[in-house]
Each structure stands twice: as structure tokens, then as C-alpha cells.
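The values are calculated or read from the model by the stated rules, or taken from the named source; none is laboratory data. All values reported here derive from a predicted model rather than from experimental measurement. Virtual Cβ from ideal backbone geometry, glycine too; neighbours counted across all protein chains shown.
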Amino acid sequence: MFLTSKWSVKWAMAASLIGFCTGQWVMAAQEPVSLTISGEVSPRMAPVAGQLTALFYESYPRLIERFEKPDKSAPRHIRLVFEKGLKVPAYCSGTEIHVSVEWLTQHPEDVALLTHELTHAVQAYPPNGPSWMTEGIADYARLIYGPKVQPGWSLPARLTQKQSYRDSYRITARFLQWLDENHPGTVDKLHRLMQDGTFKLEAFQTVTGKTADQLWQECVNNLAEKKETK
């Protein structure tokens, strides 16, 4: 079912006020963005839906500003569907993002999953790219574009040799975070290659002068040193 117009208007007004006060989404997006909420939204789930709405208007324009493909506009309207029985917390399909009612009932603080899925909406990568990069960049974006406080979710403080930059999600995201701190602009360049469908592992060396394996070794060692000095 769709939300009543009364709730929709109240949430839209609240989100608009947040965007206006922060000066972020109004200025960032060249075209206005909008969100429609549908599905199984009970009174208990209403506060979570309100938080997701506010987060959408805060983070999505910033994601568009950074990650939108120059010659192909990202969708400006997103449909957020609350669905029961999902086997995953959330997923993105084109302009629709489906979220698990059961997951959000048990983890109402995990609203940042929306930022991860909104990143997928902007990425629009062709199917030939490696999934570990797709999910790693989405978790990297979740870290950067928030919200700032994410109870129960964080990137690992350190990495180990038993892990790999290909492990996807938080592991890859932590590697990308380190990479962008030490080689600024690398994430954006790799992201563009993913959008163009031309990403290859050799791109790490082209962009930074070092192979992915060399960078991973350096990252693992550097994070271990930082932890020891604390």
C-alpha cells in the first residue's frame, strides 16, 4: 500500500527543511529529486520511513553530484518499497529500492543501508564489471555520505593478509578509503572506468603507479602500524 498523503507531505516537508538548512541537496542537484514510499508501512515502521526519507534528501543529491555519469543522468525519482519476506536487508533495481520490513523492524537504526542502495542507482554499472568493486564502492559511499553515526556498522580498523581487496563490501570499502586518502581521486577514476565498462585490475597501476596487490600489501601494513601506535 502507499502511504497516506498526509504522512507523505509531512515527511517531504521535514526532509525539505533538513535539506534547506544544510544547504546540501538544494544546491547539489541540478534537477530536483523525489521519493515515493510504498509497501508494508505499519505505524511502528513510520518513524523509520521518516528517517529514510530525510536521509534520501540529504544524501542522494550528494551521490549524484559525485558519482553521476557525465553523459547519462542518474534517476531523479526513486521508489522505496517496504517489503516483507526479503532474503536480504535491501536491494536496488533500476529506480526502485526494496527494503526488508523484518530487517528494519529488528534493526531500525540501520537506515544507512539506503545510502548503499542509492549508490547503486547512481552507479548504473554495465553487467561485465566485478561485483566486489560495485559493492565496495557502495559501502565506501555509505561511509562518506552517511549518516555520520551508524550504530552497529563500521569499516574494519585494520585488514589482514588472509583477506583480499576482492572480498567486497566493507573489506573492499576500507581498502578504497585508504586508497583515496593516500592517492586522492583514485576512487572516482576507478568508478568512471566501471561506468564505462572498461575497468580492469591493471587500472590500479595506471592510476597510482602500483599494482592492486602492492597497494593491498601497503594498506595492510599501514593500518597495522596505525593501530600499534594508538
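Mind listing whichever residues of segment 66-109 are farther than 22 Å from Pro126 by Cβ, of a type in the set (D, E, K, R) and touching a helix residue (DSSP H, G or I) at 6+ places or on another chain (Cβ under 7 Å)? Matches in segment 66-109: Glu83, Lys84.
Does Ala173 count as among the aliphatic types (A, V, I, L, M), surrounded by 13 or more Cβ atoms within 10 Å (Cβ to Cβ), within 23 Å of Gly146 (Cβ to Cβ) and touching a residue at least 12 places away in the same chain (Cβ under 8 Å)? Considered against the rule, which asks whether it is among the aliphatic types (A, V, I, L, M), surrounded by 13 or more Cβ atoms within 10 Å (Cβ to Cβ), within 23 Å of Gly146 (Cβ to Cβ) and touching a residue at least 12 places away in the same chain (Cβ under 8 Å), Ala173 comes out as yes. Is there a residue being modelled with pLDDT of 95 or more and touching a Ser or Thr at 6+ places or on another chain (Cβ under 8 Å) anywhere in segment 21-34? No; the residues of segment 21-34 include none that is modelled with pLDDT of 95 or more and touching a Ser or Thr at 6+ places or on another chain (Cβ under 8 Å). Here Ile171 meets each of (1) part of a loop (DSSP other than H, G, I, E, B); (2) touching a Gly at 6+ places or on another chain (Cβ under 8 Å); (3) of a type in the set (A, V, I, L, M) with one exception, condition (1). For the criterion of being modelled with pLDDT of 95 or more, closer than 15 Å to Glu218 by Cα, buried (at least 16 other Cβ atoms within 10 Å of the Cβ) and not assigned by TED's automatic domain parsing to the domain that holds Tyr57, Leu159 passes.
Any chance segment 120-136 includes a residue that's farther than 30 Å from Leu201 by Cβ, surrounded by 17 or more Cβ atoms within 10 Å (Cβ to Cβ) and touching a residue at least 12 places away in the same chain (Cβ under 8 Å)? Taking every residue of segment 120-136 in turn, none turns out to be farther than 30 Å from Leu201 by Cβ, surrounded by 17 or more Cβ atoms within 10 Å (Cβ to Cβ) and touching a residue at least 12 places away in the same chain (Cβ under 8 Å).
Scanning segment 33-50 for residues that are touching a Lys or Arg at 6+ places or on another chain (Cβ under 7 Å) and in a loop (DSSP other than H, G, I, E, B) gives Val33, Glu40.
From the list Ala112, Ala121, the one residue that fits, being aliphatic (A, V, I, L, M) and in contact with a Gly (Cβ under 7 Å, 6 or more places away or on another chain), is Ala112. Condition test on Glu68, is it under 28 Å from Thr134 (Cβ atoms) and modelled with pLDDT of 95 or more? Yes. Within segment 48-69, no residue that is outside the structural domain of Ser34 (by TED's automatic domain parsing) sits with its Cβ atom under 8 Å from a residue that is assigned to a helix (DSSP H, G or I) and modelled with pLDDT under 95 at 6+ positions apart or across chains.
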